[in-house]
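What follows draws every value from the coordinates through simple rules; no lab data is involved. Computed from a predicted structure; not experimentally measured. Every residue, glycine among them, receives a Cβ derived from its backbone with ideal geometry; neighbour counts consider all protein chains shown.
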Amino acid sequence: MSYKAHLFICTNSPDRIGKCGSKNSEQLRQELKDRCKKEIGGDQIRINSAGCLGQCERGIAAVLYPSGQWFLDKTSTDGDEIFQVLKTSLKTDSD
Ligand code: FES
């Protein structure tokens, strides 16, 4: 199976204050994964867990490929905002 896009969400170091994992990024990833599967289709986009993306001070950090778009300064409640961007991005790609 070949996905159209991959979103890599940093879930690094849940036990270290200031790191993305300590800001509930795994919860955000799971929420996005479930929603994408339900509303976009599980074969369109893969929501991956990533190690440190080198943007700790601006975490929760995530990056979308192949577009290379970054999501920075996100919180675990920004799932809807990110989902809307993903949905638009996939729509644009298939036009
Ligand atoms: S811990 Fe998330 S970018 Fe470094």
- [ ] Output the residues belonging to region 50-70 that are touching a residue at least 40 places away in the same chain (Cβ under 8 Å), away from the ligand (no atom under 11 Å from the Cβ) and under 12 Å from the mean Cα position of the chain (by Cα).
- [x] Leu64, Tyr65
Open item on the list: Every residue in region 21-53 that is part of a loop (DSSP other than H, G, I, E, B) and at negative phi, please.
Closed with: Gly42, Asp43, Gln44, Gly51, Cys52, Leu53
Open item on the list: I want to confirm something. Restricting to region 52-75 and keeping residues that are farther than 15 Å from Asn12 by Cβ and not aromatic (Phe, Trp, Tyr), which single residue is surrounded by the most Cβ atoms within 10 Å (Cβ to Cβ)?
Closed with: Leu64
